[in-house]
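Only one structure is covered here, and it is reproduced in the block below.
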Amino acid sequence: MDDLNYREEINKAGSIDEIENLRIKYLGRKGLINQLFQQIKNLSQDQKKETGLKINEIKKEIEKLLSVKRLELEKNKKEEFFDPTLPGKSYPKGSLHPLTYVIEEIAGIFQKIGFIRVSYPEVEWEYFSFEALNMPKGHPARDDFETFFIDFPENKKYGKMILSPHTSSGQNREMSRIKPPIRMINIAKTYRPNWDATHTPMFHQFEGLCIDKNINITHLKGTINYFVKQFFGKKRTIRLRPAHFQFTEPSFEVDVSCGICEGKGEIKGKKCRVCKSGWLELAGAGMVHPNVLRMGKVDPSIYTGWAFGFGPERCMMMREEMKIDDIRILYSGDIRFLEQF
Amino acid sequence: MKIKITYNWLLDFLETDASPFEIQKYLSLAGPSIERVEKIGNDYVFDIEIISNRIDTASTFGIAQEAAAILPFFGKKAKIKFNPLKEYKLSQIIKNKTPRKSGLKIKIKDKNLCSRFTAVILDDVKIAPSPSFIQNRLKAAGIKVINNVVDISNYLMLTLGQPTHVFDFDRIVNSDGKSVTMIMRQSKKGEKIVTLDENELQLPGGDIVIEDGKGRLIDLCGVMGGLNSCITGNSKRIILFVQTYNKQKIRRTTMLTGFRTIASTYFEKGLDEERVEAALVFGIKLLEKYAFAKIDSYVYDIYPSSYQKKLIEVNFNFFEKIMGVKISANQIVQILNALGFETKEEKDKLKVYVPHFRKYDISIPEDLVEEVARIYGYNNLPANFCPPAQIFQPEEFEKTFKIISKIKHCLKHLGLNEVINYSMISKNLIDEWELDVKDHLKIKNAISQEIEYLRTSLLPSLYKNIKDNEGKKETLKFFEIAKVYLPKIDSLPDEKYRLGIAVNTDYFDLKGIIKSLLVDELNISPISLKKNENDFYYKFYKNDRWFSIFSHQNFLGVFGQIKKGSNIFFAEFDLLSIIDCYKLLPKYQPINSYAIIKLDKTFEIGPNLNFENIQNRACKSQYLYKIEFISLFKNRLTLRFYYSANDRNLTEEEAKKELEKV
């Protein structure tokens, strides 16, 4: 017992590892101290007690010496440098087109209030885009929807083949698919022959259509109000202004309050640069024209309805994050644009 | 259509306590939108967007009428203080006993061309600058100031919404020196006229024109007068000319010639014949006062069918049905009267007589609801949710949108970038890919060669994406989900959703992406590759470096290395086939708690031995659990084989025996 030279060994130890080895050597499960305790059982009762106490003292001393030396070594040890500010491991980062997020968001918002998303032809017959929407041949309202025509033989019943300039052609298609009640949202690519910083020959629209018994203007207002608050935020409000569309009567322009000046039209006495007097034009809407219902074989004396048409691009660019000064970048395929989303 | 008028101009007709900005605010909510108010000198300029079916509001007086109806409902005083439609009557002029020395010989060859024809000859005109109030108002309206006669003509249009024209009588006078012949007829195809802006127009035929009896065209009616008969600095005897024309005819002319003027914009909307009289009388008054004109002829007024009051009957409860709020009979009547409608109440019904200036835009009860609702105030209507209704989304739509979304998010997380390309491509791109333009739908009126044909595959566009982005980023991995348009005979094309992927990395990168998507994300398993001669795709790909992908017997798509360029890899899938094979969950395999023995083995691969051969052989063992690719060095392929039995611990010896068979 007395030949243990732990004091010297501990004193000599030069590293934490050595201290650990010494701890195992003396205090470990099979260490020297435990071996000494094992030997006690061969001694007499008196010796047992005395020796036991002594071993315990040595054990305590070793523990103390080890911990003092460990602290001393830790203090002196040059700490291994750990930089928690280094970047985390890289994972592949792809992107979705920003309109994908916007369209999924819009579809989700309407799905919650029971509107089903549908899909109808992008290449359409004139009939569905015009005649079925109360715009007979030669009607000047057709001028508002400049149209791409397809080089294809005219159909006797439905007229020329076109690229649909709006999603409203889905109104008649949905009325042919099912009878009221109708709660439809149609989000699709649409086409018009304009190409500049604010127009692309292909763009998107989403059309809402609700036809049922006892549908009135307040339902249109409520639905658009709900959408605006979900999509743009609770603080935003809407207003309806008079407008004219051939396929709705009454017809409205829908404005949303400006998010920058909060609808005041000015910021600290200066005119808001984003909006017109506190409001931004958002969409066209109205109560479905009785002729449109009749064309869809829906009886306007029983049913009424509303419809609206929004531009997802416009909705997107009216959000804070997306200030785009040239809309063509959306369809440019430029990786420096795409990879940001 | 937009017009500009001023606040003071408006006050010629309107008495109100509303400020210019209050007028802007309230009219924008309930009538035409006043987009801007700008202070210029002592006046304010309104920039007004005219609602397309409300041409009756496209003038100072028209706006005054709207303001007089709208402002009182916002608590502002407003009323018409001078109504030119009532005050300016031909009777005032005809009473005048001036000598009638000159005359017109008018022939209208087709009754259908002109619903009201008025004209008067004025003598002793002195061409000079117009008075400053007219000049200032025209300048504010954005109209060029020329001289008193021309300015008055323009001023009439903006004041009353009726375009007018002035001819120089002496430039078209007959040889008798006191008459002008005017033959109104349809133009013949190819006839020519030089308009007063000195443009020569070749007419499409069927346009409304006036001929002077000597074969010369002197007016392209409703669009622009002829250069040969226009006012000059020396004009002395003039014809003031005020008409309403067949709107379809005017529109046809502007459409076919592409030549539009402010006047034609008015005429093609269809003008109110009753306003012609006021415009003519006001015009004579202004010319007398500011151009020293004296009436020198009869006042010609050819007006075969005068306005018959249009009657609409509507039930009172119809207003509530559409507006969704209770509205009293009183309120309805009050609003309609303020807008100039006469009304007669009969029990539950209301008889409404449409004023002449609204005859084109008001024809059904819904039109009356719009009038009442806008003045009542859309802002005063509550916002309600629609009554609940359960409509089921057709399964095909539901599945399509759901799986498109899954695919997009999966590919994003695999590091790909989604792109949206135009549905149309150029002939060049079609040729470049050796496709046949005849297999593509062509746009007749494409505005650019870049977007002339509807694509039948996503790959040419994706190829262009890779090319366009070279140098911007080293590694490019694009995908797109969009429709392609496959022409059919006598019907709309097949619009098929496709998924296209293009990468500039390597073959195995693309193959890995496809496996992750189809097997790991969409649970389409097993998938197999087949070399085949797909008629459509063989033009795209490098021989032997492309394959068709099947799940059982279902063709899903193709992938491989393309022929063109050095290092571009493409895949294109038919989305509906993917959707058909999609599973929400993969098949569950019970967890095997017995030992798994891992063994590595290296093979020399070559024309007679490839991975697939090895795999096929290894799969013959009932104990094979999976194969893992470890490395490929030159042609030395190292694989790790996992063996396990499902009812006991397999020994290493047994596993080795299995592997030896491979």
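The values are calculated or read from the model by the stated rules, or taken from the named source; none is laboratory data. As the structure is a computational prediction, the values presented were derived from the model and not from experiment. Counting neighbours? That spans all protein chains shown, and the Cβs are built from the backbone with ideal geometry, glycine included. Note: areas computed on protein heavy atoms with side chains; ligands, DNA, RNA excluded. Shrake-Rupley method; radii C 1.70, N 1.55, O 1.52, S 1.80 Å.
Residue check: A:GLY222 meets all listed conditions (1) closer than 29 Å to A:GLU320 by Cα; (2) in a loop (DSSP other than H, G, I, E, B); (3) without any contact (Cβ under 8 Å) to a residue 12 or more places away in the chain but one, namely (2). Within segment B:546-568, if we keep just the residues that are touching a residue at least 60 places away in the same chain (Cβ under 8 Å) and open to solvent by 50 Å² or more (accessible area, probe 1.4 Å), the residue that is farthest from B:SER516 (Cα to Cα) turns out to be B:LYS564. Collect the residues in segment B:496-519 that are at pLDDT 95 or above and of a type in the set (D, E, K, R), keeping them in residue-number order. Once the filter is applied, which keeps residues that are at pLDDT 95 or above and of a type in the set (D, E, K, R), segment B:496-519 yields B:LYS496, B:ARG498, B:ASP509, B:LYS511, B:LYS515.
Scanning segment B:574-624 for residues that are aliphatic (A, V, I, L, M), over 52 Å from the mean Cα position of the chain (by Cα) and more than 15 Å from B:LYS656 (Cβ to Cβ) turns up B:ILE591, B:ILE605, B:LEU609, B:ILE614.
Would you check if A:LYS229 is more than 7 Å from every other protein chain (Cβ to nearest Cβ), of a type in the set (Lys, Arg) and out of contact with any strand residue (DSSP E or B) (no Cβ under 6 Å at 6 or more places or on another chain)?
Against the criterion (more than 7 Å from every other protein chain (Cβ to nearest Cβ), of a type in the set (Lys, Arg) and out of contact with any strand residue (DSSP E or B) (no Cβ under 6 Å at 6 or more places or on another chain)), A:LYS229 qualifies.
The residue that is nearest to the other protein chains (Cβ to nearest Cβ), counting only those in segment B:368-385 that are surrounded by fewer than 19 Cβ atoms within 10 Å (Cβ to Cβ) and in a helix (DSSP H, G or I), is B:ASN379. Restricting attention to segment A:1-59, the residues being farther than 13 Å from A:LYS69 by Cα, open to solvent by 60 Å² or more (accessible area, probe 1.4 Å) and not polar (S, T, N, Q) number 18.
Could you check segment A:288-310 and list, in sequence order, the residues that are outside any helix (DSSP H, G or I) and open to solvent by less than 20 Å² (accessible area, probe 1.4 Å)? Selection gives A:VAL288, A:HIS289, A:GLY296, A:VAL298, A:THR304, A:GLY305, A:TRP306, A:ALA307, A:PHE308, A:PHE310. Residues in segment A:62-69 include at least one that is farther than 30 Å from A:MET184 by Cα, without any contact (Cβ under 8 Å) to a residue 24 or more places away in the chain, surrounded by fewer than 17 Cβ atoms within 10 Å (Cβ to Cβ) and not hydrophobic (A, V, I, L, M, F, W, C). If only residues of segment B:455-494 that are under 31 Å from the mean Cα position of the chain (by Cα) and at the interface with chain A (Cβ under 7 Å from one of its Cβ atoms) are counted, the one that is most open to solvent (accessible area, probe 1.4 Å) is B:ASP468.
Listed here are the residues, each with its yes/no results for (1) at the interface with chain B (Cβ under 10 Å from one of its Cβ atoms); (2) open to solvent by 50 Å² or more (accessible area, probe 1.4 Å).
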| residue | (1), (2) |
| --- | --- |
| A:LYS112 | no, yes |
| A:ILE116 | yes, no |
| A:TYR120 | yes, no |
| A:GLU124 | yes, no |
| A:ARG142 | no, no |
| A:GLU146 | yes, yes |
| A:ASN155 | yes, no |
| A:ARG173 | no, yes |
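Taking the listed residues B:VAL503, B:VAL519, B:VAL558, the one that is of a type in the set (Val, Ile, Thr), within 30 Å of B:LYS634 (Cα to Cα), away from every other protein chain (no Cβ under 14 Å) and touching an Asp or Glu at 6+ places or on another chain (Cβ under 7 Å) is B:VAL558, with no other qualifying.
Here is a list: A:ILE224, A:ILE217. Which entry is among the β-branched types (Val, Ile, Thr), within 30 Å of B:SER423 (Cβ to Cβ) and surrounded by 22 or more Cβ atoms within 10 Å (Cβ to Cβ)? Walk me through it before giving the result.
Values: A:ILE217 fails: within 30 Å of B:SER423 (Cβ to Cβ).
It is A:ILE224.
Restricting the first member to segment A:125-151 and to residues that are under 26 Å from B:ILE55 (Cβ atoms), and the second to residues that are hydroxyl-bearing (Ser, Thr, Tyr), the beta-carbon pairs closer than 6 Å and six or more apart or on different chains are A:SER129/A:SER164; A:SER129/A:SER169; A:LEU133/A:SER168.
Pairs are defined by a Cβ separation below 7 Å, a sequence spacing of at least 6 or placement on different chains, a first member in segment A:316-341 that is closer than 21 Å to A:TRP195 by Cβ, and a second member that is assigned to a helix (DSSP H, G or I) and open to solvent by 40 Å² or more (accessible area, probe 1.4 Å); the pairs so defined are A:ILE324/A:MET317; A:GLY333/B:ASP468; A:PHE337/A:ILE329. Scanning segment B:611-646 for residues that are touching a residue at least 40 places away in the same chain (Cβ under 8 Å) and open to solvent by 100 Å² or more (accessible area, probe 1.4 Å), we see that the one that is nearest to B:TYR594 (Cα to Cα) is B:ASN646.
On the stretch given as segment A:186-210, residues that are among the aliphatic types (A, V, I, L, M) and within 10 Å of another protein chain (Cβ to nearest Cβ) total 3.
Here's the yes/no breakdown for (1) in a helix (DSSP H, G or I); (2) charged (D, E, K, R):
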residue: B:PRO387; (1), (2): no, no
residue: B:PHE392; (1), (2): no, no
residue: B:PHE397; (1), (2): yes, no
residue: B:PHE401; (1), (2): yes, no
residue: B:LYS408; (1), (2): yes, yes
residue: B:GLY415; (1), (2): no, no
residue: B:ASP431; (1), (2): yes, yes
residue: B:GLU434; (1), (2): no, yes
residue: B:ILE447; (1), (2): no, no
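Considering the conditions (1) assigned to a loop (DSSP other than H, G, I, E, B); (2) open to solvent by 30 Å² or more (accessible area, probe 1.4 Å), A:MET322 is excluded by exactly one of them, (2).
Of the strands (runs of 3 or more DSSP E) lying entirely inside segment A:96-164, those containing at least 1 residues that are touching a Pro at 6+ places or on another chain (Cβ under 6 Å) span A:123-125.
Please find, among B:LYS399, B:LYS326, B:LYS344, the residue that is more than 9 Å from chain A (Cβ to nearest Cβ), touching a residue at least 12 places away in the same chain (Cβ under 8 Å) and surrounded by fewer than 20 Cβ atoms within 10 Å (Cβ to Cβ).
On the way: B:LYS326 fails: touching a residue at least 12 places away in the same chain (Cβ under 8 Å); B:LYS344 fails: touching a residue at least 12 places away in the same chain (Cβ under 8 Å).
On inspection, the qualifying residue turns out to be B:LYS399.
Pick out, from segment B:1-88, the strands (runs of 3 or more DSSP E) lying fully within it that include 1 or more residues that are under 24 Å from the mean Cα position of the chain (by Cα), within 20 Å of B:LYS269 (Cβ to Cβ) and not basic (Lys, Arg). Step through it out loud before you land on a result.
Values: elements: B:2-6, B:14-16, B:33-40, B:43-49, B:78-80.
So the answer is B:2-6, B:33-40, B:43-49.
Table: residues versus (1) part of a strand (DSSP E or B); (2) open to solvent by 40 Å² or more (accessible area, probe 1.4 Å).
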position	(1), (2)
B:LEU104	yes, no
B:PHE117	yes, no
B:VAL120	yes, no
B:GLY142	no, yes
B:VAL145	no, yes
B:ILE152	no, no
B:MET157	no, no
B:GLN162	no, no
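Residue pairs whose Cβ atoms lie under 9 Å apart, separated by 6 or more positions or on different chains, with the first residue in segment B:519-536 and of a type in the set (Ser, Thr, Tyr) and the second exposed (fewer than 15 other Cβ atoms within 10 Å of the Cβ), are B:SER525/B:LYS583; B:SER525/B:PRO586; B:SER525/B:LYS587; B:SER528/B:HIS552.
Would you confirm whether or not segment B:267-275 contains a residue that is touching a residue at least 24 places away in the same chain (Cβ under 8 Å), in a loop (DSSP other than H, G, I, E, B) and either open to solvent by 60 Å² or more (accessible area, probe 1.4 Å) or within 30 Å of B:LYS101 (Cα to Cα) (or both)? Looking through segment B:267-275, at least one residue is touching a residue at least 24 places away in the same chain (Cβ under 8 Å), in a loop (DSSP other than H, G, I, E, B) and either open to solvent by 60 Å² or more (accessible area, probe 1.4 Å) or within 30 Å of B:LYS101 (Cα to Cα) (or both).
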